[in-house]
Structure formats: structure tokens, C-alpha cells
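Contents: one structure, followed by commentary.
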Amino acid sequence: MNLSLLILLPLLTALLILLSKQLAQIRVIGLVGSLAQLGAASWLLKLYMDQRAAGNTATYLFETNTTWFKALNINYHIGIDGIALAMILLTSLIVVAGILVSWTMEKLSKEYFFLLVLLSMGAYGFFISLDLFTLFFFLEVAVIPKFLLIGIWGSGKKENSAMKLALMLMAGSALVFVGLMGIYYNTNTFDMVEIGKMGISLGVQKFFFPFLFLGFGIFAALFPFHTWVPDGHASAPTAASMFLAGISMKLGGYGCLRMAALMPDAAHSYSWIIILLATIAIIYGAFATMMQTDLKYINAYSSISHCGFVILGIGMLNKTSINGAVIQMVSHGLMTALFFAAIGMIYSRTHTRMVAQLGGLLKVMPFISTVFVIAGLCSLGLPGFSGFVAEMTVFMGSWQNPDGVYRAATVISAASIVVTAVYILRATGKTIMGPISDEHALLSDATWNEKLAAGLLIIGILIIGLAPFLINQLIMPSTDFLMINIDKAITLK
Amino acid sequence: MSSNIFILLRQELLLSLLIFILLFIKIGKERSNESILNLINGLLFVNLAAGLFGMTEGGIFNGMFTTNAFIVLEKNILNLAMLLISMQSYAWLKNHKQLAEFYLLLFTSLLGMFFMISSGNLLMFYLGLEMSTIPLAAAANFDLAKRKSSEAAMKLILSSAFSSGILLMGISFLYGTTGTLSFDVLTAHISNNPMQLFAFILLVSGFAFKISAVPFHLWTADVYEGAPVAVTAFLSVVSKAAVLFTFTTILYKVFTPIASVWYGVLVVLSIATILIGNLFALRQDNFKRFLAFSSIAQVGFILIGISGSSQAGSASLVYFVLIYVFSNLAAFGVVSVVSALAGKENISDFKGFYKTNPFLSWVLTIALFSLAGVPPTAGFFGKLFLMMAGAAKDNYGLIIFASLNMVVSFFYYLKVVKAIFMDENEAPIQKLNVPGITKLAMYICMAGIIITGLASLVYDYIYSLSIGI
């Protein structure tokens, strides 16, 4: 299968949306387009597993390499491994769910769906890129739609949040760009595969790795550059929140992982800083969430904490922890998208997101309440849901590191789960249990499109939670490949 | 020999022909403005198309005038910009009394630029420069009823005269120390001689004036604000581009022996230019002033590319200028239409613009994104390639500075986008009836912004023609 299909499908959908006239048409095109993406991604999964089962041990499958800017040695080089494929599947699931929950969006609907689809195109392009220039290109493609989505359709102080998010993400990409320049002028290529083979000299790694890691880290809400997350997520319209937390923050995590694999020596020598920052993010995020009264802020701050696990897993630099980081990315993407979807459903009915003003919703909207509880339980890491598998793997991985400081970081991070349980249980309890206020007593439950969206995401969560070996099968061989370089670097020390 | 002149001077002769046709139109019988405008736009199109045919290399007048495929390409870019500006000023010129004179002035200026770009001798260069500057000062005065317009003209002519004086002084010092003005001969005589360095600094200051690099930028904002939008567009795109092309040629051709000196000068200039341009652009409300400062910052980025002094350096310069033509002219086009039809030129007037004019809003937004350097617009590639060319000198401090400044510039471009899409306004600009030909120009710009970047053909083509040190 030609991977460019993953870029062309959203592009085609976006163009068709531009050409269509009525709301009904736009919705149907958006849904069909996103379903086609999901179909393509699933088909890709099947082909990928077939190839692997047939004994294909190449690092990247379905590679295509076309010259783009010949004079500058920039290539349009695409290909996927298991990690990228997991991200692609995650993206396609969230896109479908996002389109479904925006079904009733009437304000400037054409522009809205157009930008959503454009955002997904950026994400697909990012995950399939093997050339750093192409990667960077798609990373930035995804920034502008976010700015417009939040600024136009958002709520609260939306302009400020949109501006803050756009500027911080742009600053992130500026740092990434500096790092890319450093790599380019020391290897004369942007090709990740080639760079991986030839390696980068130690001095260059040490100087440029911080730029790249911090740059991508801003996207992944790395402490102390997480401040765009709460405002951005809270002001965004529902689908945009889902995309932001579910897809966009994963661009950062994925980028950090790739950079760590590309510059293993630097990653190893800086790992204590990475782990320190991740631990702070985990603890700080959890405690900050305790103080929040707005449901969206609760989820946004908890995202900082959860994304900290991704960074922690990468910083520990061993096979299990990196596996855990990847699973955590997928799991957090699904879970947080589900959470935002549920919050959006509640908000569209009650017109408030304040925990204090809500209560007893289980009586009038059993479906939405159940979804809300499932998202909450997944977030606090209850066995059976994906959150447990992911966090457990990260902890098992990080415990393998015998160094005392790293052990301490692991223990502290693990302790944050207790805090998570407190805020999640408190928020769910207050929102769906207890007496219901009179004005909320006549509200209706989820409509078909909302049920479908939530159902899709829940299926994803349960598959990872109940059958973790499936996702492990997909990503393990690829983490093995990543580890070859990393192990070499560590044993050299 | 005589036929050779016709081939090598093809673009200049055609432009002169256009000027004569305009003169005849002026003294001929009374015609409606619309018919004249359509005729001129048609002629400009022919002029652009004629430039695309066969490119020969050669020099005439004892090497005073040289041309090659690269120079022809640069002239074609200027022709394209001229055509776009003309198409976009339709609404403004339709009711203007001195229509023919306006074009006469701009064409004469363009002709001067052509000679300047092609010059193989500092004398020829100076001649072309003066020929291109003086008509522009008159053109800046073309909003006849506005005081600000005459103020702009006055400021432009005074500062131009000043910078020309400095330039001329530099040229005479060079002549005094080397005894020649021809580019080919000069190179061999250039060394670290203090007199020559002084001459070089004077020369660079003169150039910096024309491209409004900091600290020689002070005239820019006032002139841009006062002059009619079409002239502002011409000043900020065509005139700047022509001087930049010539500047690069002279640096790469003549001053090669002291490359390390001008590398340092360029770095300092570009840092100051980007920083000051950005900081001042942050606080502007008048759209033309805003674009003036943003264009100052853009020049700073261009200087980074030039400082790379490789083949990629000059290629990325021409590539960026081509993109800059599309994106800046798209922005100026919208401002021009709004200014001509609604009489408004402030950014705060654009609040709620999207509700009444979605087409113009998208054009402006995409143009601003391209200026900011956001993919998938061509501006992204343009800026990146400039910085890549600069980074080739391992000057990572400069690259870090420039890329962080891109974030600052991003902020002010986004502020305009925010006004257009997000801010509420009780009385937004009413729905404007954009003339068909202006719309066409905007479509061309949009197509340019998308295609120039994504289709690598354009860059590869420019790269194949360009030369480094």
C-alpha cells in the first residue's frame, strides 16, 4: 500500500468539503472521509502484520523514497514501523470520533470540518515521515488549524488561549528547526534512516539534542513548557480538544522518542534531566488537577500528568519503559479523547462545566455518565482498561534502572496514581451521583452520533486493556530496533 | 553585433516601447480609464510572456551591460510583480485622472531597475539606480488630494538623494584606489586596503538605505504609509527586490576578496534588521506601516541567506523574492482594494472582516501565513532555505536568533488573523465588490503561494541558474 494515501485521503476530503454547499453534505463527506481513513489504517495494519508474519524484518515497511528538493538533498521519504502504525490507528480512531461529536456544529461548519480534516492530515504526514524535513513540515502544518479552531469556535478567553498555544508550539518548532539544522550540516542529509546508520558525533549530539528534545517536548507538554495545555484544551471546542490531546500532544511524544533513538548518546547523558522534568510534570500535573473546578481544566491538567509518563518512559531508555511510553501515548490519546467527548456532551446539554453546578446526571443521561465513568477509571489506571497496562509497563520499565535516583523517580511517579484517583473519583462522584438540580432534570441522553463516537473509543481502550499482547505484538519488534542503537550507546559508557 | 543588441536588450526595449505607447495614448484622443487599464494590463502580460523566451548570455557596451539566464529570470520576476500590482490597483486607478502618467513613472522606474540589475559597471549601476528612484518619488505623490502623500514623496526623494550621495562617494573612492569601475577588473584590485574598506562601507550603507535595513530604515514607515497602496507595494516588492539582486551580484562578483568582511557586516545588519523590524511591527495599527515593518524584518532574513555566500545563498534569495512577490502582493492587493473601496487602512478596521468578505479574508490570511513562514505555504520553504543557506557557515547563534524571531513575527501576523476571524465588530467593512481583474491577480498569487513551495521544480530551476562565490 502506498502510504501517501494517508495524506491524500484527508486532502481529498478537505477539498470536497470546500466544494460542498449544505451542512448535511459537509457532514456526510467528513464522516465518509474519516471512515475511509480508518479503513485505510486498519487495512494497513492487516498488511503490516501479514508482512511481519511472513518474516519481513526490515525496520520500516512500505517505504517510498522520492526526491523532493534535489539541490538540498531533501527527500519525501515515508515508511512506517509498528510505533508509527499504532499512532496512525490512534489518529484515525480519534478523527472519526471527532467528526461524529461535531455533528451538530452549525457555526461556519464548512470551515470547521475543513480545519479538522487538515489537522488530521498533518498528523498522518508526521507519523509516516522518515525524512526530518518532511517531518518538520507536517509538524507545522498541524499548528495553524489548531489556532483557528480554538480562536473561532472556542469558549471563554479563546483568543488568548489560541494565541498562547500557537506561539508556544511555534517556539517548539523553532527549537526543532535549530536542531535539524545542526543535524543536517553535520550529516548532509535529513534522512532519519541514513542518519541512524551513520550516527552523529558526540559533540553535535550533546549540543543539538536539547533543542530537539525541548522543541518536541513543548508539543508533549513537557514541564515547564506545559502552560499552553490547560488554556488551549479548555477553550477549544470539543472535537478540537480531542484532537489536541489525543493527536497533537502525541506528535511531541513521538518526536521525542525518535530523537532519543537518533541521538542515543546525548539522550543517555541527559536522561537524568528528562526524568527529573517528567517526574515534576507527573506530580505537579496531578496536584494541580486537584485544585480545578472546571471539568475541561481537570482533564487538561491530568493530561500533563499523564504525558509525563510518556516522557518518563522515554527518559529511562530501556525496552520495557519505551514500550510503556508508546502504549501510554495510545492509551492516553483514546482516554483523553473520550473524556473530552463526554465533557462536551455534558456541556452542550447543561451549558456548564463547573463541577459544583453539576450533579446527579446519571439519572437523566445514563449513557453519557457511563462513558464519563469509563474515561475516569481508565485515567486512574484501573485494571481492565488501557491506562493500567500503559502505566504498569512504564513503571516496570523504569524500575529496571538500578540507580537510586531513578528508583526514587519511579516511586514518586507511581505515587501520583493515588492523587489521580482522588481527583477522578471526586469529579465523577460529584458530577453524576447525588441530587440533580431542577434545571437539569429534563435533559436528554446521548444521540446516535455521540454513542457511536464514544463506543469507538471505548472499544479501543478495552482492546488494549484486556488484550495488551495485541498492541505489544505490533510495537515490540519496532522498539527492539530502536533499542539496538540505544543499547550500543549505553554499553559504551 | 546589431542584432545582438536587440536580443540582449529585449526586455528593456520592450519596456521602452510600452512607455512610448503610453505617451501616444496620453496625447491621443480621450479614452475611458477602463479601456486604458485593460490595454496596459494586456501589454504587461505580453511583456512578461516575452521575457520567458530564449535566454542568451552576453555583454554589450564594453561590458557595461551584461545579461544571462539568471538575470533574465530576475527581470521576469520584476515583470510579474509589475503586472500583479497593476491588476490589483484597478479599483483605485479606475477613477484616477492621471492614469497614464502613473504608469509612465512606474515603467520608467522599472526600466532603471533592469539596467541596474544588468550592470557590469558601477557607473551603469548608479545610472540605473537613479533612474529607478526619481520617478518613484513622483509616484509616491499620486494621491493628489492627500497631504500625507506629498509628505511621503518629499521624504523619499530626500532620503534617496542622501543615500545616493553616500553611494556615489563610495564609488568614487573605489575608483580612486583602483582606477576602474568595471566589475570584471575591479575584483582583482580589491584588498583589505583601509580606503577600500571605507568605500565598501559607504557602498553597503547606500544599499542598506534602499533595502531599508536597520539602522537605515527610518524613512520606510512614513513613506509606505503616505504613498498610495500601489506605490507602496511597488516600493516594498519591486524596488527592494531589484536592489537586493544587484547587491548580491556586487557582493558575490566584485567583493569576493573581502568576503569575510562583508559576511560580518551582513550578520550584524541582519540581526539588527530582524530585531527592530519585529519589535516595531508589533505595535502598528496602520496596515501599511505594519507591512512596512514586517517587510523590514523580512529583509533581515534575506540578508541571512545572502550571508551564506554559496550557490544556495543566491538561489534562496531569488526563490524567496519570488515567494515574497506572491505573498506580499496578495496582502497589498487586499489592502489596496479595501483602501480604494472602503477608504479604510487600519488593522482595527479589519475586525469582523470575515463575516462580510470571506474571499478577501482568506486571501489576506494565506498571504500573511506565507509571510510568517507557515506550511504548506511557500513562505515556509522560502524562509527555511534562507536560513539553511545561512547555517551553512556553521553560524548557529544567528540561526537560533532568527528562528526565535520567526516566533515573534508569527505573533503579529496572527494578530491580524485574529482581528479578521475572531474579533467582534459592530460595523465591519461592508461587502466589497472586487473587480474581476483584481480577483484574477489574487488567484494568481494564491496559486503562486501554494505551487512555488510544494513543487520543487521552481527551486531546482532557480538553483540550477544561480551562482555562488
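The values are calculated or read from the model by the stated rules, or taken from the named source; none is laboratory data. Computed from a predicted model, the values in this text were never measured in an experiment. Cβ coordinates were reconstructed from backbone atoms using ideal geometry, including for glycine residues, and neighbour counts include every protein chain displayed. Just the protein is used for accessible areas: all its heavy atoms, side chains included, with ligands, DNA and RNA removed. Shrake-Rupley method; radii C 1.70, N 1.55, O 1.52, S 1.80 Å.
Counting only helices (runs of 4 or more DSSP H) that sit completely within the range B:334-419, those holding 3 or more residues that are closer than 30 Å to A:L132 by Cα and more than 9 Å from chain A (Cβ to nearest Cβ) correspond to B:358-372, B:378-391. For the range A:10-28, a tally of residues being in contact (Cβ under 8 Å) with a residue 60 or more places away in the chain and under 25 Å from the mean Cα position of the chain (by Cα) returns 5. The residues on offer are B:S132, B:S109, B:S119, and the sole one that is surrounded by 21 or more Cβ atoms within 10 Å (Cβ to Cβ), over 24 Å from B:P435 (Cα atoms) and in contact with a Pro (Cβ under 7 Å, 6 or more places away or on another chain) is B:S109.
The test for being among the aromatic types (F, W, Y) and open to solvent by less than 10 Å² (accessible area, probe 1.4 Å) holds for A:F309. In the set B:F369, B:F381, only one residue is within 18 Å of A:A174 (Cα to Cα) and open to solvent by less than 10 Å² (accessible area, probe 1.4 Å); that residue is B:F381. Taken together, the residues in the range B:283-301 that are away from chain A (no Cβ under 14 Å) and touching a Leu at 6+ places or on another chain (Cβ under 6 Å) amount to 0. Could you list, in sequence order, the residues of the range A:207-224 that are at pLDDT 90 or above and either basic (K, R) or open to solvent by 20 Å² or more (accessible area, probe 1.4 Å) (or both)? Of everything in the range A:207-224, those that are at pLDDT 90 or above and either basic (K, R) or open to solvent by 20 Å² or more (accessible area, probe 1.4 Å) (or both) turn out to be A:F207, A:P210, A:F211, A:L214. Could you go through the range B:165-181 and let me know if any residue there is touching a His at 6+ places or on another chain (Cβ under 6 Å) and crowded, with 20+ Cβ neighbours inside 10 Å. Scanning the range B:165-181, I find at least one residue that is touching a His at 6+ places or on another chain (Cβ under 6 Å) and crowded, with 20+ Cβ neighbours inside 10 Å, so the answer is yes.
Here is the figure for the range B:421-454: residues that are at the interface with chain A (Cβ under 10 Å from one of its Cβ atoms) and not in a loop (DSSP other than H, G, I, E, B) total 3. Taking the range B:168-257 and the helices (runs of 4 or more DSSP H) fully enclosed by it, the elements with 2 or more residues that are closer than 20 Å to B:L127 by Cα and modelled with pLDDT of 90 or more are at B:194-210, B:240-253. Whenever a residue of the range B:390-404 is modelled with pLDDT of 85 or more and crowded, with 19+ Cβ neighbours inside 10 Å, it has no partner that is in a helix (DSSP H, G or I) and among the basic types (K, R) lying with C-beta atoms less than 6 angstrom away and at least six residues away or across chains. Exactly one residue among A:I150, A:I128 is in contact with a Gly (Cβ under 8 Å, 6 or more places away or on another chain), away from chain B (no Cβ under 11 Å) and more than 23 Å from B:L404 (Cα to Cα), and that residue is A:I128.
Of all the listed residues (A:N323, A:N318), the sole one being of a type outside the set (S, T, Y), more than 18 Å from A:G344 (Cα to Cα) and modelled with pLDDT under 90 is A:N318. Of all the listed residues (A:L3, A:L15), the sole one being within 30 Å of B:F359 (Cβ to Cβ) and either in a helix (DSSP H, G or I) or away from every other protein chain (no Cβ under 14 Å) (or both) is A:L15.
Just one residue in the set B:I276, B:I306, B:I271 is in a helix (DSSP H, G or I) and open to solvent by less than 10 Å² (accessible area, probe 1.4 Å); that residue is B:I306. Selection of the range B:1-54 for residues being surrounded by fewer than 18 Cβ atoms within 10 Å (Cβ to Cβ) and in a loop (DSSP other than H, G, I, E, B) yields B:M1, B:G28, B:K29, B:E30, B:R31, B:S32, B:L52, B:F53, B:G54. Condition check for A:E194 on (1) open to solvent by less than 10 Å² (accessible area, probe 1.4 Å); (2) free of Cβ contacts under 8 Å to residues at least 12 places away in the same chain: one failure, at (1).
Being over 25 Å from A:W153 (Cβ atoms) and open to solvent by less than 10 Å² (accessible area, probe 1.4 Å), is that true of even one residue in the range B:337-354? Within the range B:337-354, one or more residues are over 25 Å from A:W153 (Cβ atoms) and open to solvent by less than 10 Å² (accessible area, probe 1.4 Å). Residues that are more than 22 Å from A:G333 (Cα to Cα) and without any contact (Cβ under 8 Å) to a residue 40 or more places away in the chain within the range A:459-486 comprise just one, A:I484.
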